[in-house]
Each structure stands twice: as structure tokens, then as C-alpha cells.
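As C-alpha cells, the structure follows; a few thoughts come after it.
No value in this document is a laboratory result; all are computed from the given coordinates. Here the structure is a predicted model, which means the values were calculated and not measured. Here the Cβ positions follow ideal geometry from the backbone for every residue, glycine too, while neighbour counts run over all protein chains shown.
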């Protein structure tokens, strides 16, 4: 199930990537959200598609790094919001300011969350974080100032 690109490597590689994210050498955090079904992921390795679903748990997994003091909140927000918007030239996105789109996510940093398939709203109905305790839970989403969740 863990066939992803780039492939998962050594612990030292993971730690080096985390350090580069924390100090800004890696500027953007994103997910391609590959919602392959469990049946697709269970195929023999050469035939199994690469990627895992990530959209539903991306922010919560990054906030785990913040809670564990591996990343600052400022750096996390920049890498997941401000920097991607700048990179893509989306001048009304990625910031809270007069004239910006007011796309917001609110998180309860006091409420841990253990994702289950009931929390996943894509065709795959599973998460690589199922059963893993994440440090916070989303409780509100606004798009252009309109509450969606």
C-alpha cells in the first residue's frame, strides 16, 4: 500500500526532508491526493498505482509536526498556504487580508483526531492515517468567506 512517488526511503532521508522543510529549503507542502481504492493498492507491486489519499488529513498531519515542535506554526501556514498561492500567482489566496478571498480552515488544537474511513470524503474510503492519533481536528471551512463545513 505504501507505493508512493517519491518512494519512502531511509529514516535519515525523512529527517533531512523535515529539516529542509523547517528551515525553508523546501518551500511548499502539497498533496496530489491519489484516492486509489484498497483493491487497486492490493495489486502486485509493479501493477499497483503510486500514491495515497492525502487531502483529508494533510493539515492535521502537518499540525502534528507543529505540536511535536518539529515545525513552527508560521512555517506550516506559509508552506501550505502563502507560498503555494505566491508560486501559482493566486494573489487573492494564501493570506488573511482585506481584499483576499477569505478561504479559511479552523482547527481545534485541543481535540485529538483518529481518522477512520467515515472521515474520508473521496472515492477511496481509506486513509494511511487510519488509526493514527493526529493532534488536531478541523471544525470549519470557509471558501471566499462562505462557511462550507
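Just a few scattered comments:
- GNM remark for the chain: springs join alpha carbons under 10 Å apart, and the peak mean-square fluctuation among 44, 35, 53 falls on 44.
- Between the stretch 4-38 and the stretch 85-149, the alpha-carbon center distance in angstrom: 19 Å
- Helices in the chain, meaning DSSP H runs of at least 4 residues, each add -39500 (n - 2.57). Divided by all residues, the mean residue ellipticity at 222 nm is -6500 deg cm²/dmol.
- Under a Gaussian network description of the chain, with springs only between Cα atoms under 10 Å, the residue in 74, 37, 82 that fluctuates furthest is 74.
- Cα-derived Rg over Rh, computed across the stretch 11-147 with Rh taken as Kirkwood radius: 0.98
- Cα-projected label distance for residue 104 with residue 90, points at 7 Å along beta-carbon direction, nm: 1.8 nm
- Rel. contact order, % - alpha carbon contacts under 8 angstrom, at least six apart, the stretch 11-147: 25 percent
- The simple spin-label model puts a point 7 Å past each Cα toward its Cβ; for residue 4 and residue 112 those points are separated by 2.2 nm.
- Segment residue 68-residue 32, length gained on full extension (0.36 nm per residue, minus Cα span): 10.5 nm
- For the chain, the longest principal axis of the Cα atoms and the long axis of helix 58-67 meet at an angle of about 70 degrees.
- Whether the stretch 86-144 is rounded, prolate or oblate, judged on the alpha carbon gyration tensor where a/c under 1.5 counts as rounded: prolate
- Length gained when the stretch residue 132-residue 12 is fully extended (0.36 nm per residue, less Cα-Cα span): 41.0 nm
- Taking a ≥ b ≥ c as the square roots of the eigenvalues of the Cα gyration tensor, an a/c ratio of 1.5 or more together with a/b larger than b/c marks the stretch 1-91 as prolate.
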